[in-house]
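Each value in this text was obtained by applying a stated rule to the coordinates, not by laboratory testing. Bear in mind that the values here come from a model prediction, so they are computed numbers and not experimental data. Cβ atoms come from the backbone with ideal geometry, glycine included; neighbour counts cover every protein chain shown.
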Amino acid sequence: MRFRYATAENGKIVKKAAVYTQDEHGINFSNVDHDAVNITSRLKASGYDSYIVGGAVRDLILGKKPKDFDIVSEASPARIKKIFRNARIIGRRFRLVHVYFGAKIFEVSTFRSLKDGPTSNTFGTIEEDVLRRDFTLNALFYDPGRQIVVDYVGGMKDIREKRIQPIIPLATIFKDDPVRMIRAVKYGAATGFRLPLRLRWRIKRQSALLAAVSPSRLTEEIFKIIHSSSAAPIVEALEALGLYEYLQPGASRLMKESADFRARYLKSMALLNQEEFKNLPGETLAALIQDYLEDNTEWEAGIAETYKNAFTAARAFVLPMNPPRFELDHAVRLFLAAHGLTVKKSRFLEWGKSGGAGREGVKIPAALEPPFPGAVRAEGESRKPRPRRRRRKYQAPE
């Protein structure tokens, strides 16, 4: 293991970071996306220090193949955009760059400073950037060109000791961003790492801060959970620390009231871990609503009314989560199909209606069709033709 040194304000040479070689960090280079390597290589060739950072490095060290690769660089967004023609600058307060390789999107950010605190939106150095990240296991920098891991905060030691350790002081870490509580519990459950007692106590004490978080951010977090490979243990850990009631208050309340519902709900979450489970739009969402609908669906109504009631109940149950309408529609249809009720999908209307998912003449996969609850009909039921409008004949001016 080597070290990086820097000169302190008093002129003394101080140790800044530990540098781990490939033999020491053990990352399997074949698990690194070649396009992510291409991005860091081109940035370095242009004279800008660049690294893969965050959860991808954590997963690589744990022997996993990451799904997403985030990259950080000293290059400004404008310079990154000039280097990559297949790039687009996004964001208002703090600008990022999305670099596109086919269907893959890589987020490239510029080092941030601590000028305005841990939520600073000004550019800075790598030494400043690392101190505004949330937990040590997510603050490691990987250089795929030299195959080294740079560690400023002891993240490698915490990974080896299987511990979730915050970088930002406990007094402010969750006040600055309450969603970090969800992430801490999620990281612990997904990796099997332990949360120190002080961290768990702080999360329980400040869990109410999540009440002020926007529904869009909570939706993003719950989608990450149900699309992960550890949905069941994450949900169980969030419920134990009193956080799940802010993500899914309906499910949390029923889990507390009924041991039977809790067992069925967690079993449904566990199904998401199976490799053969098809991760299509709505299928993971179906696991979130099916146990509730089992207990709250009125089967005596006609098929159209049953569908509309189930859709309305499911929409209310997942609040404050606000999933795309076509995904919730697909999830409800899957639930009804499991009970032998097949709801025929409506034809696509003109662009812009009911979510605007299609355009006349464009063939859309059936699984992605948007819902039209008012137009749902049973199999074999005829569809009333739409009356045509008469066009007025054009009359030339006299």
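Remark on Arg112: its backbone amide H falls under 5 Å from those of Gly124, Asp129, a criterion applied only to residues 5 or more positions apart or on other chains, H modelled at 1.01 Å from N. Mean separation of Cα pairs under 8 Å and 6 or more residues apart, divided by the residue count, gives region 1-115 a relative contact order of 18 percent.
Can you compute the FRET efficiency between Ser258 and Lys12 using 1/(1 + (r/R0)^6), with r the Cβ-Cβ distance and R0 = 56 Å? Round to the nearest 0.05. That pair, Ser258 with Lys12, gives E of 0.35. Across region 28-43, coupling constants 3J(HN,Hα) worked out from phi with the 6.51/-1.76/1.60 Karplus curve, θ = phi - 60°, read 7, 4, 5, 7, 8, 4, 5, 6, 5, 5, 4, 5, 5, 5, 5, 5 Hz, and Gly and Pro carry x. For Gly54, the residues 5 or more places off, or on other chains, whose built amide H falls under 5 Å of its own are Leu140. Computed over region 198-327, the Cα gyration tensor eigenvalues convert (square root of 5λ each) into semi-axes of 25, 16, 15 Å, ordered from largest to smallest. For Phe29, neighbours were defined as the other residues whose beta-carbon sits under 15 Å from its Cβ, and their charges (Lys and Arg +1, Asp and Glu -1) total -3. When the Debye formula is applied to the Cα atoms of region 1-168, each taken as the same point scatterer, what base-10 log of I(q)/I(0) results at q = 0.13 Å⁻¹? With no solvent term, the Cα-only Debye profile gives -0.63. Beyond 28 Å in Cα-Cα separation lie the following of the pairs Lys67/Lys308; Lys104/Lys186; Lys175/Lys224; Lys12/Lys82; Lys81/Lys115: Lys67/Lys308; Lys12/Lys82. Each Lys and Arg contributes +1 and each Asp and Glu -1, all at the Cβ; summed about the Cα centre of region 1-168, the dipole is approximately 380 debye. Since only Met156, Ala17, Phe101 are under comparison, the one whose Cα sits farthest along the positive direction of the charge dipole of region 1-168, derived from C-beta charges on Lys, Arg, Asp and Glu, is Phe101.
Taking every DSSP beta bridge with both residues inside region 1-168, roughly what % is antiparallel (nearest 5)? Bridges in region 1-168 are about 90 percent antiparallel. So, with +1 on the Cβ of K and R and -1 on the Cβ of D and E, and no other charges, what is the size of the charge dipole of region 9-66 about its Cα centre, to the nearest 20 debye? It comes to approximately 140 debye.
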